[in-house]
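The values are calculated or read from the model by the stated rules, or taken from the named source; none is laboratory data. Quick caveat: nothing in here was measured; it's all calculated off a predicted structure. Ideal geometry is used to build each Cβ from the backbone, glycine not excepted, and the neighbour counts take in all protein chains shown.
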Amino acid sequence: MTTTDQKTPVVEAKDIVAGYIPGVNILNGCSVVAHPGEMIGIIGPNGAGKSTLLKAMFGLVKVHSGSVTLHGEEITNLKANKLVEMGVGFVPQTNNVFPTLSIEENLRMGLYTRPRKLTERLTATWDLFPVLHDRRNQRAGALSGGERQSLAMARALMMEPSVLLLDEPSAGLSPVRQDETFLRTRLINQTGVCVVMVEQNARRCLQICDRGYVLDQGRDAHTGTGKELAKDPKVIELYLGTLAEDVEADRKDREQKA
């Protein structure tokens, strides 16, 4: 696990108040900061505002007050295409590939503004996602859920982002595909890309993230390292649902083996 770098954060959302319609805010002053090399997990109950926070950071939801900065530069409410050019990647939970295009065509779409770097970036992407290379001429619509998620991540990485925002990357996947997605996400992080990930699979998220935030009703309820949050009785009881059962099962299993 990486340690927190006290230099300028890669991305910081501070005291964000935001919502989809005027006068109705989903976020009510939440803050998230990610330092170089970190993987940040954002968890919490349904309706807490987790996905809304990522969308606000990516310019898809209007920020009414507060600020978002990238390497110390104000980016609050900038358009998504501008943020991509500045080094912010975003992978939505659904509708994240072009189903009628091939895998390679999807990746080309991810770098259409920088065609001179296409060969270089394709080579780097094939190295990170060898399965996609083997099936590069296959239509994206024929891929499984896990394969689509890999393609969506790969396309976002074509622009060499300094931070990757992931919205529920394991949603709808089988346990095996979930594990593959989490491992792939950690591998991406190890290449130097800062990752901010919203996840419903709280237990697995906290296992791999450097630091985590628990959101509730649009506010930060708890924050700490992944290990600290996973062991916090209050967090387990109030926010992590079945994680409490998993922890108890692990405890009993250890007692039986002792």
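Brief remarks on what is shown
- Evaluation of LYS82 against (1) within 22 Å of THR191 (Cα to Cα); (2) charged (D, E, K, R); (3) at pLDDT 95 or above (one fails), failing number: (1)
- Some residue of segment 140-160 being touching an Asp or Glu at 6+ places or on another chain (Cβ under 9 Å) and closer than 23 Å to HIS71 by Cβ: yes
- Listed by first and then second residue, the pairs linking a residue in segment 226-238 that is within 19 Å of ASP210 (Cα to Cα) to a residue that is of a type in the set (Asp, Glu), with Cβ atoms under 8 Å apart and 6 or more places separating them unless they lie on different chains, are GLY226/ASP210.
- Residue in segment 170-177 that is at pLDDT 95 or above, within 15 Å of the chain's Cα centre (by Cα) and not in a strand (DSSP E or B) present: no
- Search result, residues across segment 143-169 that are at pLDDT below 95 and either in a helix (DSSP H, G or I) or out of contact with any helix residue (DSSP H, G or I) (no Cβ under 9 Å at 6 or more places or on another chain) (or both): GLY145, GLY146, GLU147, ARG148, GLN149, SER150
- Exclusive hit being touching a strand residue (DSSP E or B) at 6+ places or on another chain (Cβ under 7 Å), over 25 Å from LEU229 (Cβ atoms) and surrounded by fewer than 23 Cβ atoms within 10 Å (Cβ to Cβ), set LYS62, LYS14: LYS62
- Selection status of ARG184, at negative phi, modelled with pLDDT under 95 and surrounded by 14 or more Cβ atoms within 10 Å (Cβ to Cβ): yes
- Some residue of segment 201-210 being under 11 Å from the mean Cα position of the chain (by Cα) and of a type outside the set (Lys, Arg): yes
- Of residues in segment 225-258 being closer than 17 Å to VAL198 by Cβ and not in a helix (DSSP H, G or I), the one modelled with the highest pLDDT: LEU240
- Single residue of ASN96, ASN81 found to be of a type in the set (S, T, N, Q) and surrounded by 15 or more Cβ atoms within 10 Å (Cβ to Cβ): ASN96
Every residue, every condition in (1) out of contact with any strand residue (DSSP E or B) (no Cβ under 7 Å at 6 or more places or on another chain); (2) without any contact (Cβ under 8 Å) to a residue 60 or more places away in the chain; (3) closer than 15 Å to GLU104 by Cβ, yes or no:
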| residue | (1), (2), (3) |
| --- | --- |
| ARG121 | yes, yes, yes |
| GLY145 | yes, yes, no |
| LEU151 | yes, yes, yes |
| MET158 | yes, yes, yes |
| LEU166 | no, no, no |
| VAL176 | yes, yes, no |
| ARG184 | yes, yes, no |
| THR191 | yes, no, no |
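- In segment 56-91, residue farthest from the chain's Cα centre (by Cα) [restricted to those that are under 17 Å from GLY218 (Cα atoms) and among the β-branched types (Val, Ile, Thr)]: VAL63
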